[in-house]
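Have a look at the structure below before the remarks.
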Amino acid sequence: QLRLVESGGGVVEPGETMTLNCVGRGDTLRDHAIGWFRRAPGKEREAVSCISIEGNTEHVDSVQGRFSVARSLLDNVVYLHMSDLRPEDTAVYYCTEVTPNQKTCTFSAVMDMWGQGTQVTVSS
């Protein structure tokens with residue numbers, strides 16, 4: 001069974017970049033669509049980006065053009081590259097398996113199972 005572990009968070013200033021890691025254990029990421037989500041203080045968890053089994057990506061409007069998703073099937077890792085970070089990007093970031101839709105991905109989690117996430121803080 002696939003288990004995902006997030007890492008790579010930290011504190012950055014506005015405008016800086018950061019890359020988060022989502023390591024797959026127990027199964028190959030080749031067969032799974034993976035989504036990134038985040039929960040800001042006092043807010044509900046929201047979708048951010050996802051990558052399909054075929055490697056196609058989707059992003060919500062608030063991060064379009066700033067965030068990108070990539071994966072290394074060799075290392076079994078999905079990356080979330082974040083640039084031009086803003087204070088409103090401050091949140092705990094999570095990755096989870098999402099439901100595929102033809103050759104793209106959705107923001108529907110396959111199971112309501114979440115790891116510890118990784119904290120991203122954008123502050124001057």
Check your understanding: With the contact rule set at Cα under 8 Å and sequence spacing of 6 or more, what percent relative contact order holds for the chain?
Key -> 34
Practice item. Please find, in a Gaussian network model of the chain (springs between Cα atoms separated by less than 10 Å), the residue of Met113, Met18, Met82 whose mean-square fluctuation is greatest. Key: Met113
Point to revise | Lys, Arg +1 and Asp, Glu -1 on Cβ, resulting dipole of the chain about Cα centre, debye, nearest 20 | key: 160
Practice item. Quick one: dipole size for segment 1-72, taken about the Cα centre, charges +1 on Lys/Arg Cβ and -1 on Asp/Glu Cβ, in debye to the nearest 20. Key: 220
Exercise for review: State the Cα centre-to-centre distance between segment 25-57 and segment 59-124 in whole Å.
Suggested key: 5
Study note, to complete from the structure: the chain -> Rg/Rh from Cα coords, Kirkwood Rh, value 0.94
Revision key, fill the gap. GNM on the chain, Cα springs under 10 Å; top mean-square fluctuation among Pro41, Pro100, Pro14 goes to Pro41
Exercise for review: Please find, in a Gaussian network model of the chain (springs between Cα atoms separated by less than 10 Å), the residue of Thr106, Thr17, Thr57 whose mean-square fluctuation is greatest.
Suggested key: Thr17
Exercise for review: Would you please give the residues with an amide H less than 5 Å from that of Gly9, counting only those at least 5 places away or on a separate chain, with H modeled from the backbone geometry?
Suggested key: Gln119
Exercise for review: Give me D for segment 81-124 in µm² s⁻¹, whole number, from Stokes-Einstein with Rh from the Kirkwood sum over alpha-carbon pairs, 37 °C and 0.692 mPa s.
Suggested key: 264
Review point. What order, most packed first, do the peptides 25-37, 85-97, 1-13 have when packing is the mean number of other Cβ atoms within 10 Å of each residue?
Key: 85-97, 25-37, 1-13
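Computed from the coordinates by the stated procedures, all read-outs in this text should not be read as laboratory data. A quick note: this is a predicted structure, and the numbers were derived from the prediction, not measured. A quick note on method: Cβ atoms are made from the backbone with ideal geometry, for glycine too, and the neighbour counts reach across all protein chains shown.
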